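Report on the following structure.
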Amino acid sequence: MLTGALMYRFFFYYDPDNQCLIRLKPSLTEWSNGNVKEGIKVLKYAVPDEYEKLCAYVDKINPNYSCGGLGGGCYISGKAPTREIDISTAYDGFLGWTAAVIAHETCHAVQHEEGRPFNETECYGIGNYVLYSAVVY
Amino acid sequence: MAGIYMTINIVNYFDPFGGCYLNIDGDIVSGNKETIKAAIRYLGKTDRTAYRNLCTVVDRVSEKNCIIADQRIDSKGFIEGLNLDGCYVKGTRTIYLRPDKSDSPDVIEGRARTIKHYTEAVARFWEEYNSKQ
């Protein structure tokens, strides 16, 4: 029972209201995956259109160091499964940035599924839109 | 009991009589966690309403530069964000403060004002969100 609760707490994001289930791989730099889960919640509450895309096009997040470097993200189209994005924002990163990186990599997952060529400009624009929508100053 | 209180207060902010517990993330390199705690105590002494509001709606105060724009799209906005005193990210209960090593009274009072300002933003966001549900 306890093991199941810990597995759920650390390695799954589940939102039954929006039928959203995302698996989170274990990572030493993310510890509990709390930062990534909080970043997903930023999208849910502040940028619902991007949250909808995340739930529709991504089913696994790899929070380990990847080609985007620490504080960045990566989407590798040839990697199986292709509905996986890499998010290495480190466990205590600024949550607005974590949300922006998740939305940026989701944008690449959408481009791949729709058979479109990768376009960084479009995805940087989406990350910027997330920051603009979510950060109050 | 006093030992537990002191231990918790080394890492975070704990006021058992005021019913307040806040996680505090300091920036070890360029920040000062103690002035965050001092600012919260200052708020408790000078503005009880703001203090109660803080303890109710916020669960973390973090010392981190704000990012309000992607530097590859809007470099001016990115730099502006780094220089902000603080910010709040919607959908969270975390307030961010720009790292500052100084422990002067002016910094403590300024941080108290910033914390109060963004506490109001947290409360406003969740009130609006809950009213739509």
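The values are calculated or read from the model by the stated rules, or taken from the named source; none is laboratory data. In this text the structure is predicted, and so the values were computed from the model without any measurement. Cβ sites come from the backbone with ideal geometry, for glycine too, and all protein chains shown count toward neighbours. Accessible surface is based on the protein model in full, side chains and every heavy atom, while ligands, DNA and RNA are left aside. Shrake-Rupley method; radii C 1.70, N 1.55, O 1.52, S 1.80 Å.
Figures for the structure shown
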item	result
Residues of the range B:13-32 satisfying the condition of being in a strand (DSSP E or B) and either open to solvent by 80 Å² or more (accessible area, probe 1.4 Å) or in contact (Cβ under 8 Å) with a residue 12 or more places away in the chain (or both)	B:TYR13, B:ASP15, B:CYS20, B:TYR21, B:LEU22, B:ASN23, B:ILE24, B:ASP25
Scan of the range B:86-113 for residues that are facing another protein chain (nearest Cβ under 9 Å) and either under 14 Å from B:GLU34 (Cα atoms) or of a type outside the set (S, T, N, Q) (or both), ordered by number	B:GLY86, B:CYS87, B:TYR88, B:VAL89, B:LYS90, B:GLY91, B:TYR96
B:THR35 touching a helix residue (DSSP H, G or I) at 6+ places or on another chain (Cβ under 8 Å), more than 12 Å from every other protein chain (Cβ to nearest Cβ) and surrounded by fewer than 16 Cβ atoms within 10 Å (Cβ to Cβ)	no
Where a residue in the range A:86-102 is at the interface with chain B (Cβ under 10 Å from one of its Cβ atoms) and free of Cβ contacts under 8 Å to residues at least 24 places away in the same chain and its partner, wherever it lies, is open to solvent by 10 Å² or more (accessible area, probe 1.4 Å) and β-branched (Val, Ile, Thr), with Cβ under 8 Å and at least six apart	A:PHE94/B:ILE67
Answer residue from the range A:106-137, given it is in contact with a Cys (Cβ under 7 Å, 6 or more places away or on another chain) and touching a residue at least 12 places away in the same chain (Cβ under 8 Å) and is nearest to B:LEU97 (Cα to Cα) among those	A:VAL135
Residues within the range A:18-47 that are within 10 Å of chain B (Cβ to nearest Cβ) and either assigned to a helix (DSSP H, G or I) or open to solvent by 80 Å² or more (accessible area, probe 1.4 Å) (or both), tallied	9
Single residue of the range B:76-85 satisfying the filter (closer than 17 Å to B:ASP27 by Cα and more than 10 Å from every other protein chain (Cβ to nearest Cβ)) that is surrounded by the most Cβ atoms within 10 Å (Cβ to Cβ)	B:LEU82
Filter pass, B:ILE10 being more than 14 Å from every other protein chain (Cβ to nearest Cβ), open to solvent by 40 Å² or more (accessible area, probe 1.4 Å), of a type in the set (A, V, I, L, M) and without any contact (Cβ under 8 Å) to a residue 12 or more places away in the chain	yes
Residue match in the range A:67-84 (condition: open to solvent by 50 Å² or more (accessible area, probe 1.4 Å), within 27 Å of B:CYS87 (Cα to Cα) and in a loop (DSSP other than H, G, I, E, B))	yes
Residues of the range A:96-112 satisfying the condition of being open to solvent by less than 10 Å² (accessible area, probe 1.4 Å) and in contact with a Leu (Cβ under 8 Å, 6 or more places away or on another chain)	A:GLY96, A:ALA99, A:ALA100, A:ILE102, A:ALA103, A:THR106
Selected residue (criterion: most open to solvent (accessible area, probe 1.4 Å)) from residues of the range B:38-75 that are of a type outside the set (D, E, K, R) and in a loop (DSSP other than H, G, I, E, B)	B:GLN71
All positions within the range B:27-76 that are closer than 17 Å to B:ILE8 by Cβ and modelled with pLDDT under 95	none
